[in-house]
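Enquirer: For reference, the structure I am asking about is given below.
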Amino acid sequence: MAPINPCAVIEEFLDSHSLDFEQKDKNTFLVTLPGEKKLETHCALIVGDHSLSVNAFVIRKPDENQDSVHEWCLSKNAGMYGVAFAINDVGDIFLVGRLPLTAVTEREIDRLLGAILQYSDSAFNPLLELGFGSAIRREWAWRVSRGESLANLQAFEHLI
C-alpha cells in the first residue's frame, strides 16, 4: 500500500468542493469557509512531519467580559469534534485541532472543516454579545442617529 500524500488529499478535497483557498507553501493551505452568521471563517491547514494542524480564526480579543467569553468557550470544548477553542498570545480566539497524518482522508477533512464551520458560525453571535456588547450598542445608536441601515445588526436588537 502506497503512503498517503496528505497535501494531495487536501488539495483534491478543496478543489472538488470549490472552496476558496491558496497554498502558501507546499505544506500550508489557507482556506476561506463561507458561513451565515460569520460570513467567512479563515482557516489554515498545516501539514507537519507527523500531523496536520488546523487553526481557524473566530473573533479578535474581546473588548469586555473576557472571563465570561473564555468560560463560554471552555464550556463548549468537551462536546466538540476534532477542534477546541483556544486563544493566542494577544487574546484572539481560534478553533484549533490536530490529526495524525494517517487520518488525513477526504472524508476526515470534510468532517473537520464542517465542524470548524459549524462551531465558528454558531459561536459568532454569542461571542460578539458577550465580548462586544457595548460596541454593538454604540454602533446601533450611531447608525440610528444617521439613518444608516441596521440590517447586519438585527441579530443583536435584543441588546438595545
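Enquirer: Have a look at 97, 133, 147 and tell me which one the Gaussian network model of the chain (Cα, springs below 10 Å) gives the largest fluctuation.
Expert: The residue with the greatest mean-square fluctuation here is 147.
Enquirer: Continuing with this model, one more query. By what distance, in whole Å, do the Cα atoms of the chain stretch along each of the three principal axes, largest value first?
Expert: Per principal axis, max minus min of the Cα coordinates gives 66, 31, 25 Å.
Enquirer: Could you check the spin-label model distance between residue 148 and residue 77? Points 7 Å from the Cα along Cα→Cβ, value in nm.
Expert: Placing both labels 7 Å beyond Cα along the Cβ direction yields 3.6 nm.
Enquirer: Under 1.5 on a/c is rounded, so check that first for the stretch 27-89, then, if it is not, pick prolate when a/b is larger than b/c and oblate when it is not; a ≥ b ≥ c are the square roots of the alpha carbon gyration tensor eigenvalues.
Expert: Prolate.
Enquirer: Just add up the charged neighbours of residue 59: K/R +1, D/E -1, any other residue whose Cβ is under 9 Å from the Cβ of residue 59.
Expert: With Lys, Arg at +1 and Asp, Glu at -1, the net is +2.
Enquirer: Can you show me the helix-derived [θ] at 222 nm for the chain, built from DSSP H runs with n ≥ 4 at -39,500 (n - 2.57) apiece and divided by the number of residues, rounded to the nearest 500.
Expert: -14000 deg cm²/dmol
Enquirer: Tell me, what is the percent relative contact order of the chain, built from C-alpha pairs under 8 Å that lie six or more residues apart? List each step's numbers first, then the result.
Expert: On the way: 222 pairs, mean separation 34.7, N = 160.
Value for the chain: 22 percent.
Enquirer: Build a GNM of the chain with springs between Cα atoms under 10 Å: which of 144, 69, 54 gets the top mean-square fluctuation?
Expert: Result: 144 has the largest fluctuation of those listed.
Enquirer: What residue among 51, 18, 122 shows peak mean-square fluctuation when the chain is described by a Gaussian network model with Cα springs under 10 Å?
Expert: 18
Enquirer: Ok, one more. Cut-off under 20 Å on the C-alpha distance; same-chain residues fewer than 8 positions from residue 61 excluded. Which aspartates and glutamates are left, in chain and number order?
Expert: 40, 71, 89, 92, 121, 129, 139
Only the coordinates and a few stated rules stand behind these numbers; no lab work does. Only a predicted model underlies this, so the values are computations on that prediction, with no experimental measurement involved. Quick reminder, even Gly has a Cβ in these numbers, built from the backbone with ideal geometry, and neighbours come from all protein chains shown.
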